[in-house]
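Trainee: Following this message is one structure expressed as structure tokens.
The values are calculated or read from the model by the stated rules, or taken from the named source; none is laboratory data. Treat the numbers as computed from the prediction; the structure is a model and nothing was measured. Neighbour counts are summed over all protein chains in view; Cβ atoms, including those assigned to glycine, are modelled from backbone coordinates with ideal geometry. Surface areas here come from the heavy atoms of the whole protein model, side chains and all, with no ligands, DNA or RNA. Shrake-Rupley method; radii C 1.70, N 1.55, O 1.52, S 1.80 Å.
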Amino acid sequence: MKQPVQQRTLKTRARLLAAAEEVVQAQGFEALRVDQVVVRAGVAKGTFFAHFTDKDALMSQLIGARINAALDGIEARPTPRDVDQIVQALLPLMALLTRERYVFDVFLRHSGAALAEEIGPIAETIGRFQEVLERWLDGAPVRRDVSVAVLAEGIQAFLIQVIAMHFCALHSDVDMPTRLDPYLRAWLLPPA
């Protein structure tokens with residue numbers, strides 16, 4: 001039987017997360033160093049590693065929370081009913097994942113694709129995003145020869161492709177919404 005987590009442990013973890021947020025706000029994600037976090041939180045370095053296996057595990061928490069906040073905003077909007085509206089609705093998520101290359105790299109490493117032993121905050125957001133997309137597509141005028149689940153997975157795949165191309169020197173000449181639009185039209189719309 002699992003022991004309940006002690007209040008002190010929860011408070012320490014919250015202090016570490018708050019300290020990390022302060023560093024990210026001041027310097028960005030990639031510039032954050034564990035030493036900065038422990039000094040701001042007033043804990044020993046070993047305490048940090050009792051809560052997080054490494055910097056990436058901490059970043060997974062911070063980035064996962066931001067993705068969830070972006071998804072909250074996306075869900076609060078009216079349901080998009082065409083490709084233009086879908087692209088517009090995805091802009092906050094694109095902005096978040098392209099804020100720094102490091103954010104996108106952590107997203108990819110923790111999205112579940114690396115077969116991590118446990119499902120972390122970022123991987124959980126992938127599932128939530130899938131559900132949001134499926135709800136959008138359920139009543140939308142999209143092709144019906146494949147399931148909305150497959151269509152939603154395709155949107156996620158195209159979004160990741162567009163973001164990757166944003167960071168590519170050879171393909172960064174086209175803005176992300178302009179690049180995403182034809183992919184989604186080809187993928188979602190029934191043949192004419």
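Trainee: Loop-only GluC sites (Glu not before Pro) in segment 66-169, please: DSSP not H, G, I, E or B, and at most 10 other Cβ atoms within 10 Å.
Mentor: Filter output for segment 66-169: E117, E118.
Trainee: Mind checking which of A192, I163, A149 is farthest towards the positive end of segment 64-192's charge dipole, using Cβ charges of +1 (Lys, Arg) and -1 (Asp, Glu) about the Cα centre?
Mentor: A192
Trainee: Given a cut-off of under 8 Å on Cα pairs at least six residues apart, what relative contact order in percent is computed for segment 8-69?
Mentor: 31 percent
Trainee: Can you quote the Å³ per residue value for the convex hull of the Cα atoms in the chain, rounded to an integer?
Mentor: Convex hull volume per residue, Cα atoms: 152 Å³.
Trainee: Compute the separation of the alpha-carbon centres of segment 45-88 and segment 133-187 and state it in Å as a whole number.
Mentor: Taking the Cα centre of segment 133-187 as reference, the centre of segment 45-88 is 19 Å away.
Trainee: Find the accessible area per residue for segment 59-192; the probe is 1.4 Å, ligands and nucleic acids are left out, and the unit is Å².
Mentor: Heavy-atom SASA per residue in segment 59-192 reads 51 Å².
Trainee: Please state the charge dipole magnitude for the chain, taken about the Cα centre, from unit charges on C-beta atoms (+1 on K and R, -1 on D and E), reported in debye and rounded to the nearest 20.
Mentor: Around 640 debye, computed over the chain.
Trainee: Return an integer: the convex hull volume of the alpha-carbon atoms of segment 1-79, in Å³ per residue.
Mentor: 131 Å³
Trainee: Over segment 1-58, what percent of the accessible surface lies on carbon and sulfur atoms, probe 1.4 Å?
Mentor: 53 percent
Trainee: While we're here: So what is the diffusion coefficient of segment 52-166 in µm² per second by Stokes-Einstein at 10 °C and 1.306 mPa s, using a Kirkwood Rh over Cα pairs? Kindly include the intermediate steps, with their values, before the conclusion.
Mentor: Values: Rh = 14.7 Å.
Stokes-Einstein gives a translational diffusion coefficient of 108 µm²/s.
Trainee: In debye, nearest 20, what is the charge dipole magnitude of segment 79-167 about its Cα centre with +1 on Lys and Arg Cβ and -1 on Asp and Glu Cβ, if you could check?
Mentor: Working: 8 positive and 12 negative charges, 45 e Å.
In debye, rounded to 20, segment 79-167 gives about 220.
Trainee: So what is the 222 nm mean residue ellipticity for the chain from helices alone, if each DSSP H run of at least 4 adds -39500 (n - 2.57) and you divide by all residues, rounding to the nearest 500 deg cm²/dmol?
Mentor: After summing the helix terms and dividing by the residues of the chain, the value is -22500 deg cm²/dmol.
Trainee: Okay, moving on. Could you tell me what fraction of 2.2 N^0.38 Å the Cα radius of gyration of segment 102-192 comes to, as a two-decimal ratio?
Mentor: Expressed relative to 2.2 N^0.38 Å, the Cα Rg reads 1.19.
Trainee: Stretch E124-A186 to full length: gain in nm at 0.36 nm per residue minus the Cα-Cα span? Let's see the in-between values first.
Mentor: On the way: separation 62, 0.36 × 62 = 22.32 nm, distance 2.79 nm.
Between E124 and A186, full extension yields an extra 19.5 nm.
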